[in-house]
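Presented below is the structure to which this report refers.
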Amino acid sequence: MNRTDDPSGVRSTPWRELASRHALLPLRIFLGVTFVYAGLDKLTASGFFAASGSGSIGEQMDGVRDTAAIPALVDLALKAPAGFGYAIALGELLVGLGVLAGLLTRVAAAGGALISLSLWLTVSWAVTPYYYGNDLVYLMAWLPLVLAGAPYWSLDSLIRSRRSRRTA
């Protein structure tokens, strides 16, 4: 097995280098599948897009209005609950598909981070202790993909390699 010395002093092997290059792939798959599922779940749930009623977006927003960090965001959602519900569901679906395909990954991940941030500031803000709420964890999980994108196994990398071949 071929070993090389990393500038940090860590001995490197081909396996370690491969694992390092693909370290974000499990996170990409998890977040992508989760957001696609969340979007589809909302789009197929009966009554979700209603202004009121059991399981509706309106009922959920009414329930968190007084405990949200930014109640104005909830008030905005309550002005058009169905529109807000569709925006969240389609946003989750597009973010998930973009990240899974690795297409405009940084943009998709930024969208996922914004969705998670808005949900943290509204829906899960009052969860105590804070680490019981999942939206903050999702927000933090999106950040490595915002920073690194999807350099491997992605449409972004395929497009990048085709561009570099054309310019070479």
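The values are calculated or read from the model by the stated rules, or taken from the named source; none is laboratory data. Predicted model, so just to flag it, every value in this text is computed and none were measured. Here Cβ is always computed from backbone atoms with ideal geometry, including for glycine, and neighbour counts include all displayed protein chains. Ligands, DNA and RNA are excluded from the accessible area calculation, which covers all protein heavy atoms including side chains. Shrake-Rupley method; radii C 1.70, N 1.55, O 1.52, S 1.80 Å.
What the table below lists for this structure:
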quantity	calculated
Computed magnitude of the charge dipole of the chain (debye, nearest 20; Cβ of K, R +1, Cβ of D, E -1)	1040
Semi-axis lengths (Å, descending) of the ellipsoid that matches the C-alpha gyration tensor of the chain	38, 19, 12
Solvent-accessible area, 1.4 Å probe, carbon plus sulfur percent, for the range 12-168	67
Cα-based helix-to-principal-axis angle, 134-148 vs the chain, degrees rounded to 10	40
Helix 155-167 axis, angle to the chain major axis (alpha carbon atoms, nearest 10°)	50
Residue-averaged [θ]222 nm for the chain, counting only DSSP H segments that reach four residues, each worth -39500 (n - 2.57)	-21500 deg cm²/dmol
D (Stokes-Einstein, µm²/s), Kirkwood Cα radius, the range 26-114, 0.890 mPa s at 25 °C	181
Separation of alpha-carbon centers, the range 18-38 and the range 127-168, rounded to whole Å	8
Cα gyration tensor, the range 89-159 - rounded (a/c under 1.5), prolate or oblate	prolate
Dipole-positive endmost among ALA77, VAL64, LEU94 within the chain (Cβ charges, Cα centre)	LEU94
Listed residues VAL137, ALA113, LEU24: farthest to the positive end of the dipole of the chain (Cβ charges)	LEU24
Angle between the chain longest axis and helix 105-122 axis [Cα atoms, degrees, rounded to 10]	30
Accessible area (Å², per residue) of the range 13-168, counting only protein heavy atoms and a probe of 1.4 Å	58
